[in-house]
Every structure is written in C-alpha cells, then in structure tokens.
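Take a look at the structure set out below.
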Amino acid sequence: MGRIRLDLARGLAVVFADREAALRRVEEWAERGTRLVKLVFGPEGCGKSAWLRQSAELLRELGFDVLYVNPLQREFLAEVGVSDVRSRLVEILREATAEAWGRAAWALIDLARELIKAGRRRVALLADDIFQAIGLDKAAIYVKGMLGVIEYPPRSYDAVVAVVAAGEGVARREIGRHMWADQYPMWNMSRDGFKQLYDQIPGDKPPFEDVWRLTGGNPRLLGQLYEAGWDVDKVVEMFMRGKELNSPDLFRWRGWLEKAVEDPDVLWTVEAPEGLLDILVERNLVVHNLHDRDPRFWVDAPPPERDPELGVGKYVAWQTPLHREAVRKALGYGLRPI
Ligand SMILES: Nc1ncnc2c1ncn2[C@@H]1O[C@H](COP(=O)(O)OP(=O)(O)O)[C@@H](O)[C@H]1O
Ligand SMILES: [Mg+2]
C-alpha cells in the first residue's frame, strides 16, 4: 500500500506512520463489507482523519470506488469508476461555501447509491468530521441514510464499506441510541507508532520521553509543539484560551476538577455531580466509557488499562496530558480573564 503524505505542521510533511491494526481493520471490513455503519471517535488530533485518508488509498487499491468527504478541512476525494458521479460532486463544491460542504456530505449517500445503480460492486463511503457541517441534530439521520445504502441498495453489490469519523463525543451519544452503527474508539498513537512519527521530525527536539509524557502520543499536539518551537507553556495557554477554561460553568465544579486532574476516574462515580462529565466531554477534554480494553472493540491499539502519568483512568481519560495540564493551569487562574 502506498503511504500518503501529510502536513504535520506548517512546512513539515511526514509520511503516514504506523496504525497497522487500524489498517488491518479496514481490510477486514473490505472483505465482506460493513453490515452496520462504523462510527470511529476519539481524542481530537489523535489521527482519525489521517487514518481515514490512508484508508481511502488502501480501499482504492483493494478495488473499491471510494467517496471521501471532510467539510472541516474542505477535502474530498472521489476515486470512482463512474465519471458522472465525480463531476456531480465537483459541481456541488463549485462554490466553496459552508452550505456547499454540508450538501457534499449529504451527497455522499446519494452518490454511493448512484455508483451501485451503475453496477459498481465495491463501494466505500468515508464521512469525516461531517457533523458540524450538517448539524449535530442530524447525526443519527445521516448514519441511518448510510445504513440505507447497505441494507436497501438499488442493485446488488459485493461489499459496501461505510465509515463515519467524529471528533464530537456528543455525536456518539446521539448515534448510539439507535442500532445503526458499531462504535469503535480510536486512541492516541501507541508508543512505538508515535516514535516513528517523532523520528520524522527534523532538527533539535526534546527527548522522546518528554514529548511522549506531554502528548500521550497525540500527533496533532506533536505538530503544535514543533510549530511553537517546543514552547510547552505557549501551547498549554493556547489550549486554555481556545477552550475558555476560565468559564463559570467549569468553575462551579472547581473542587471536583481538582480531583479529576489527579484521577479522572472520580468523574465516573455516583458522587460526581450530574452534568460535569457531559460538560467535559462536550468541551473535548475527556473521553469516557473506556471500560473495555479488549482490542476487538478498538479500531487500533487500546490505551493502557490505567496510566496516571498520562491521565488515563480505567473509565475516563483526559484526551491528552496537555488537556489536563490546561485545566490545571486554568484552575490556578480562577475566573480572571486569561
Ligand atoms: N498515522 C499518522 N502518521 C503521520 N501523521 C499523522 C498520523 N495521524 C495523524 N497525523 C497528523 O496529525 C495531525 C492530527 O491528525 P488528524 O488525523 O487530523 O486527527 P483527528 O482527525 O483525529 O482530529 C494531522 O496533522 C495529521 O496529518
Ligand atoms: Mg479529523
């Protein structure tokens, strides 16, 4: 399989690294197709989009017609054997407005049906970061639409692979209420995989151990740290401001946050205030429901059972150690402007 090239930071191109298990998972899905839609979620910047783009390449090589759209990054791919389908997508995206990207996300479903109708027998629909573009309230309907392609195709086919990747922890709940999707969490990169990426970074850099402890294997953070000239405080403060961590809705739970910074599992207790976990999930600070580390339920290697140093609990984990650090720092500022 040809490995794709990606921009890890401004002016820093890298080759797609590792994620072997996740790519094998796609090969598995390609064999017989997905019976339900596969919903992949995980920490922001853990590498969902990169993996999905690499999967598009893999599926193409396996003989699939591949439709991929990412409205957030304004990217689409239509490696399809029916030229009309490709030009229809190009037409929709002629005006590059947010609405057009929302339409393109919906078009994925119609165009997949068109491909099957035209006699294509192996079709992949890869929908990446679409929920902001179509509206979170439409998440479940969208997934149902994808399932419709699998269950009620306009013509028989050999395999349909339907994958949705989402950063929003909330989308997961919205979709999980129905039996339309299998959910697969993806975690930050494994230590070995992350090392392969770290080794691609040129110039002076902090020792691998330090970078691992800061990022917990999150590739986006690696890129951000590189761009910031490895100024950790700067990146932590950017996070704190970007996520408005000095807001009253968080500070009313100050005592609990202090505990959660030490051990995120306190959020998964009956004593924890109702709603706090939801707020933290919504703000993309923690991931919950990590109970089972059985690799069958993960798209790639699961996180460790518990790793207090990285902020990984048995039930709840900080998305990365740096997310936790930003909260810790905000607690020091209090409600003052930051
Ligand atoms: N396996 C990988 N190899 C190389 N770079 C990667 C890999 N995974 C992610 N990246 C890079 O890390 C950054 C964040 O990844 P991305 O896929 O956008 O995360 P997500 O979609 O989960 O938010 C991007 O710059 C991406 O190119
Ligand atoms: Mg993404």
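Taking every DSSP beta bridge with both residues inside the chain, roughly what % is antiparallel (nearest 5)?
On the way: 14 of 35 bridges.
Taking every DSSP beta bridge with both residues in the chain, the antiparallel ones total about 40 percent.
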How long are the semi-axes of the ellipsoid equivalent to the stretch 219-338, from square roots of 5 times the Cα gyration tensor eigenvalues, in whole Å, largest first? 23, 20, 11
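What does the convex hull of the Cα atoms come to per residue for the stretch 180-281, in Å³? Don't jump to the answer; show the numbers that get you there.
Numbers: hull volume 16.1 nm³, N = 102.
Once divided by residue count, the hull of the stretch 180-281 is 158 Å³.
Going by the alpha-carbon gyration tensor, a ≥ b ≥ c the square roots of its eigenvalues, is the stretch 76-146 rounded (a/c under 1.5) or, if a/c is not under 1.5, prolate (a/b greater than b/c) versus oblate?
It comes out oblate by the Cα gyration axes.
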My understanding is that a pair violates if its Cα-Cα distance is over 27 Å; which of K138/K243; K205/K329; K38/K329 do that in this structure? K38/K329
For the stretch 140-192, projected area of the alpha-carbon convex hull averaged over all directions, nm²: 5.1
Over its alpha-carbon atoms, the stretch 196-253 yields an Rg and a Dmax in Å of 13.8, 44
How big is the gap, in Å, between the Cα center of the stretch 73-96 and the Cα center of the stretch 230-251? 38
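With the contact rule set at Cα under 8 Å and sequence spacing of 6 or more, what percent relative contact order holds for the stretch 231-333?
36
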The stretch 86-163: GluC sites (Glu not before Pro) falling in loop per DSSP and having at most 16 other Cβ within 10 Å: E95
Proximal aspartates and glutamates to K259, defined as alpha-carbon separation beneath 14 angstrom and excluding residues fewer than eight positions away on the same chain: E271, E325
As a test of understanding, state the convex hull volume per residue of the chain from its alpha carbons, in Å³. 136
Under a straight-distance cross-link criterion of Cα-Cα below 17 Å, which aspartates and glutamates are reachable from K48, leaving out those fewer than 8 residues away in the same chain? D7, D18, E20, E27, E57, E75, D128, D129, E168, D182, D300
Amide hydrogen neighbours beyond the local backbone of A162, cut-off 5 Å, H modeled: T34, K38, L125
Counting only C-alpha contacts under 8 Å and six or more residues apart, can you give the relative contact order of the chain as a whole percent? 21
Which value, in Å to one decimal place, does the Kirkwood hydrodynamic radius take for the stretch 130-239 when every pair of different Cα atoms is included? 17.1
Quick one: give the max-minus-min coordinate of the C-alpha atoms of the stretch 61-116 along each principal axis, largest first, in Å. 31, 19, 15
For the stretch 1-102, what does the equivalent ellipsoid look like in terms of its semi-axes, each the square root of 5 times an eigenvalue of the Cα gyration tensor, given largest first in whole Å? 22, 20, 14
Please check: in the Gaussian network model of the chain (C-alpha springs, under 10 Å), which one of G313, G119, G203 has the largest mean-square fluctuation. G203
Give me the tail of P(r) for the stretch 5-185 as a percent: Cα-Cα pairs with distance above 23 Å. 36
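Throughout, read-outs are computed from the coordinates displayed, never taken from laboratory work. What you see is a predicted model, and the numbers here were worked out from it, not measured in a lab. So basically every Cβ, Gly included, is an ideal-geometry build from the backbone, and we count neighbours across all protein chains shown.
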